[in-house]
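K.L.:
Pasting a structure below so you can have a look.
The values are calculated or read from the model by the stated rules, or taken from the named source; none is laboratory data. As the structure is a computational prediction, the values presented were derived from the model and not from experiment. FYI the Cβ positions are ideal-geometry reconstructions off the backbone, even for glycines, and counts take in every protein chain you see. Quick note on the areas: whole protein, heavy atoms, side chains included, nothing else; ligands and nucleic acids left out. Shrake-Rupley method; radii C 1.70, N 1.55, O 1.52, S 1.80 Å.
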Amino acid sequence: MEGKISIVTGGTYGVGKGIAAALSEAGAKVYVTGRSVSNGPIGERITGITCDHTEDADVAAAFEQVLQETGRIDVLVNNVWGGYERMVENGEFTWGRSFWEQPMWRWDSMFSAGVRAHYFASRLAAPGMVARGEGLIVNISHWAAQKHIGNAAYGIAKAATDKLTADTAFELRSHGVCVVSLYPGMVRTEKVMQAAPYLDLTNSESPEFVGRAIAALAADPDVLRHTGKALVAAQLAIEYGFTDVDGTCPRPLTLADV
């Protein structure tokens with residue numbers, strides 16, 4: 001990925017932070033965006049831009065900054081997401097409630113800071129990719145798009161993410177631009193590790209592993225064969241021959257596993 005310009009939305013913590021680190025390690029110049037991101041250099045070949053992805057003006061300004069500084073966007077990773085906050089309210093874990101008992105703010109957050117944010121960022125990145133006849137857009141998604149996991153709002157939002165992938169891929173394919181959904185497995189994010197004593201992490205992945213999957217896709221001259229699909233990070237490791245940061249090869253999950 002030497003010389004490629006990447007944007008990772010929601011890149012402050014967790015999966016997004018790992019993706020940014022892996023893309024940088026692969027040689028890309030990486031910009032990360034998010035409300036808690038510090039402006040300016042935050043790592044080797046990584047630049048932060050403070051940005052609220054629920055505010056279109058913020059996002060437009062961030063993408064304009066990248067274009068002014070580099071002239072292009074080669075890879076867009078739509079990782080920013082809402083709805084994970086305040087899982088415990090008034091002492092009760094509300095994430096798994098039935099849909100009629102779910103707070104409406106959770107639905108709104110998943111769509112405004114998630115699906116809509118992905119759509120708007122893709123809209124900003126697409127024109128330059130179309131003009132050059134190449135590019136990669138990765139929407140971080142989840143098996144919840146295909147199976148009830150957690151709560152109904154989560155599944156609906158992830159299904160919408162995969163539909164966003166499919167339809168934008170249909171419109172961009174003839175322009176040489178690839179769009180995919182990417183499913184991580186159990187990722188050892190900061191929050192997951194806080195609950196490590198209660199979890200089985202034997203088949204887990206580092207946040208950087210997801211980034212290595214994206215780097216492999218970005219380096220594939222025939223990446224368009226994947227466009228419109230929902231891909232599994234661990235399956236891509238088998239296809240492209242990369243490992244996790246500790247040298248392990250996590251087993252790809254299936255719908256039955258999740």
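K.L.:
Going through region 29-59 one residue at a time, which ones are open to solvent by 40 Å² or more (accessible area, probe 1.4 Å) and closer than 26 Å to Ala157 by Cα? If you could, list the steps in order and put the result at the bottom.
P.N.:
Residues of region 29-59 that are open to solvent by 40 Å² or more (accessible area, probe 1.4 Å), as a first pass: 29, 35-36, 38-39, 41-42, 44-45, 50, 54-58.
Within region 29-59, Arg35, Ser36, Thr50, Thr54, Glu55, Asp56, Ala57, Asp58 meet the criteria.
K.L.:
Please verify whether Glu171 is touching a helix residue (DSSP H, G or I) at 6+ places or on another chain (Cβ under 8 Å) and of a type in the set (D, E, K, R), treating the condition exactly as stated.
P.N.:
no
K.L.:
Which members of region 67-96 meet the condition of being open to solvent by 60 Å² or more (accessible area, probe 1.4 Å) and aliphatic (A, V, I, L, M)?
P.N.:
Correct list: Leu67, Val88.
K.L.:
Which residue pairs have Cβ atoms closer than 7 Å, lie 6 or more positions apart in sequence or on different chains, and pair a first residue in region 137-163 that is within 16 Å of Val180 (Cβ to Cβ) with a second residue that is hydroxyl-bearing (Ser, Thr, Tyr) and part of a loop (DSSP other than H, G, I, E, B)?
P.N.:
Cβ pairs passing all conditions: Lys158/Ser141; Thr161/Ser141; Asp162/Ser141.
K.L.:
Another question about this same structure. Residues of region 33-50 being modelled with pLDDT of 95 or more and more than 14 Å from Lys17 (Cβ to Cβ), which ones?
P.N.:
Ile49, Thr50, listed by residue number.
K.L.:
Here's something else I'd like to know. Quick one: which of Arg116, Arg72, Arg106 is part of a helix (DSSP H, G or I), within 19 Å of Ile7 (Cα to Cα) and either modelled with pLDDT under 95 or out of contact with any Leu (no Cβ under 7 Å at 6 or more places or on another chain) (or both)?
P.N.:
Among Arg116, Arg72, Arg106, only Arg116 is part of a helix (DSSP H, G or I), within 19 Å of Ile7 (Cα to Cα) and either modelled with pLDDT under 95 or out of contact with any Leu (no Cβ under 7 Å at 6 or more places or on another chain) (or both).
K.L.:
Give the residues of region 181-204 that are assigned to a helix (DSSP H, G or I), farther than 19 Å from Asp257 by Cα and not hydrophobic (A, V, I, L, M, F, W, C), sorted by residue number.
P.N.:
If the condition is that a residue be assigned to a helix (DSSP H, G or I), farther than 19 Å from Asp257 by Cα and not hydrophobic (A, V, I, L, M, F, W, C), then Glu190, Lys191, Gln194, Pro197 are the ones that fit.
K.L.:
Would you please name the residue that is surrounded by the fewest Cβ atoms within 10 Å (Cβ to Cβ), looking only at residues in region 208-258 that are in contact with a Ser or Thr (Cβ under 9 Å, 6 or more places away or on another chain), in a helix (DSSP H, G or I) and not small (Gly, Ala, Ser)?
P.N.:
Within region 208-258, the match that is surrounded by the fewest Cβ atoms within 10 Å (Cβ to Cβ) is Arg212.
K.L.:
Considering only region 127-156, state which residues are under 26 Å from Ala218 (Cα atoms) and surrounded by fewer than 24 Cβ atoms within 10 Å (Cβ to Cβ).
P.N.:
As a first pass, look at region 127-156 and keep what is under 26 Å from Ala218 (Cα atoms): 127-146.
Hits for region 127-156 are Pro127, Gly128, Val130, Ala131, Arg132, Gly133, Glu134, His142, Trp143, Ala144, Ala145, Gln146.
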